[in-house]
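S.K.: Got a structure for you, questions after.
The values are calculated or read from the model by the stated rules, or taken from the named source; none is laboratory data. Because the structure is a prediction, the values reported are computed rather than measured. Methodologically, a virtual Cβ is constructed for each residue, glycine included, from the backbone with ideal geometry; neighbour enumeration extends over all protein chains shown.
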Amino acid sequence: MNAPATPDHVALVTGGNRGIGRAIAERLVRDGYRVAVTARSGEGPEGTLTVRADVNDGASLDAAVAQIEAELGPVTTIVANAGVTKDTLLMRMSDDDFTSVVDTNLGGAFRTVKRAIRSMLRAKHGRIILISSVSGLFGVAGQANYSASKAGLVGFARAITRELGGRGITANVVAPGFIESDMTAQLDEKTQKTYQTQIPAGRFGSADEIAGVVSWLASDDASYISGAVIPVDGGLGMGH
Ligand code: NDP
């Protein structure tokens, strides 16, 4: 188990009501963080504070961060996890299919980080962890919107690293491969099998395998890592 980064450690996980975000929130609770999750619906896991927020809606994030800071204290770790897919071939992709996915996956991370960064600057300590995807660097046919949004997170993390690296704040990207969740359950069995044959590990990963890497990046052990992209993909995207 990784030790939490500070004695007054408060972590915010977006989209922590299900899937990978939920597993990350559970892990950070076990690590000893005070954990808040944002959710549009449902609840975060036991031991977390659930706040309603839509990452597309800046006002709801303003209210969420204010509530978290009032109830748990200043946020020191952000996990920008909320994300969506709207897959289709480029020729069929509408302007809205593109902009809505980029606005949720990339814009949502920006809006979340921007609102929680003030307390990190005051504390001279912060961990920003952005959940990207193998799709962002490998490129996936039918995911022009999603791949672009996830690649954008790499530039975002690296700009933050240059801007705030001297203030005790790190920003890193975790790039999961295929992970068992509602998102991959949408793929039919034949497609799942085809993808599995391309993964050197021969299987999809679990949300807990992502959560373990996030836990480590948030810990003191990762204090000198920033602007990095950590693939957690069973070897699928080698060469990032
Ligand atoms: P799920 O579809 O299971 O969960 C997505 C989460 O994001 C939900 O909590 C959802 O909330 C939340 N969310 C979506 N849109 C918004 C929004 N506008 N505002 C607030 N919350 C929102 O996905 P996963 O758990 O699989 O994925 C989590 C992250 O990991 C995503 O960023 C995804 O792109 C990434 N990823 C996943 C992979 C996989 O194989 N599963 C592979 C690579 C990356 P709600 O319940 O309200 O819809």
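S.K.: Taking the conditions exactly as written (of a type outside the set (Ser, Thr, Tyr), touching a helix residue (DSSP H, G or I) at 6+ places or on another chain (Cβ under 8 Å), at pLDDT 95 or above and surrounded by fewer than 23 Cβ atoms within 10 Å (Cβ to Cβ)), does ASN56 satisfy them or not?
M.R.: Answer is yes for this residue.
S.K.: Enumerate the pairs (first residue in the stretch 112-139 and farther than 13 Å from ALA11 by Cβ and free of Cβ contacts under 8 Å to residues at least 12 places away in the same chain; second residue anywhere and within 15 Å of the ligand (Cβ to nearest atom) and among the polar types (S, T, N, Q)) with beta-carbon separation below 7 Å, excluding pairs fewer than 6 apart on the same chain, so at least 6 apart or on different chains.
M.R.: GLY139/SER147
S.K.: Looking only at the stretch 37-77, which residues are closer than 20 Å to VAL174 by Cα and either in a helix (DSSP H, G or I) or within 13 Å of the ligand (Cβ to nearest atom) (or both)?
M.R.: Passing the criteria: VAL37, THR38, VAL55.
S.K.: Shifting gears a bit: Could you check, for the stretch 220-231, whether at least one of its residues is within 15 Å of the ligand (Cβ to nearest atom), surrounded by fewer than 16 Cβ atoms within 10 Å (Cβ to Cβ), outside any helix (DSSP H, G or I) and not β-branched (Val, Ile, Thr)?
M.R.: Start the filter on the stretch 220-231 by keeping residues that are within 15 Å of the ligand (Cβ to nearest atom), which leaves 229-231.
Now narrow it down to the ones that are surrounded by fewer than 16 Cβ atoms within 10 Å (Cβ to Cβ): none.
Taking every residue of the stretch 220-231 in turn, none turns out to be within 15 Å of the ligand (Cβ to nearest atom), surrounded by fewer than 16 Cβ atoms within 10 Å (Cβ to Cβ), outside any helix (DSSP H, G or I) and not β-branched (Val, Ile, Thr).
S.K.: When the residues of the stretch 113-160 are filtered to those that are part of a loop (DSSP other than H, G, I, E, B) and within 15 Å of the ligand (Cβ to nearest atom), which remaining residue is nearest to ILE179 (Cα to Cα)?
M.R.: So the first thing to find is which residues in the stretch 113-160 are part of a loop (DSSP other than H, G, I, E, B), and the list is 124-125, 132-133, 139-143.
Retained after the next criterion (residues that are within 15 Å of the ligand (Cβ to nearest atom)): 132-133, 139-140, 142-143.
On the way: SER132: 12, SER133: 10, GLY139: 17, VAL140: 15, GLY142: 18, GLN143: 16 Å.
Ranking the qualifying residues of the stretch 113-160, first place goes to SER133.
S.K.: Please specify each residue of the stretch 140-179 satisfying the condition of being hydrophobic (A, V, I, L, M, F, W, C), in contact (Cβ under 8 Å) with a residue 24 or more places away in the chain and more than 21 Å from SER206 (Cβ to Cβ).
M.R.: Within the stretch 140-179, ALA141, ALA144, ALA148, LEU153, VAL154, PHE156, ALA157, ILE160, LEU164, ILE169, ALA171 meet the criteria.
S.K.: Ok, one more. Just the residues that are assigned to a loop (DSSP other than H, G, I, E, B) and surrounded by 24 or more Cβ atoms within 10 Å (Cβ to Cβ), please, taken from the stretch 78-97. Walk me through it before giving the result.
M.R.: Going residue by residue through the stretch 78-97, those that are assigned to a loop (DSSP other than H, G, I, E, B) are 81-89, 93-94.
Hits for the stretch 78-97 are ASN81, ALA82, GLY83.
S.K.: Okay, next question. When residues of the stretch 167-183 are filtered for being assigned to a loop (DSSP other than H, G, I, E, B) and within 8 Å of the ligand (Cβ to nearest atom), how many remain?
M.R.: Number satisfying all stated conditions: 4.
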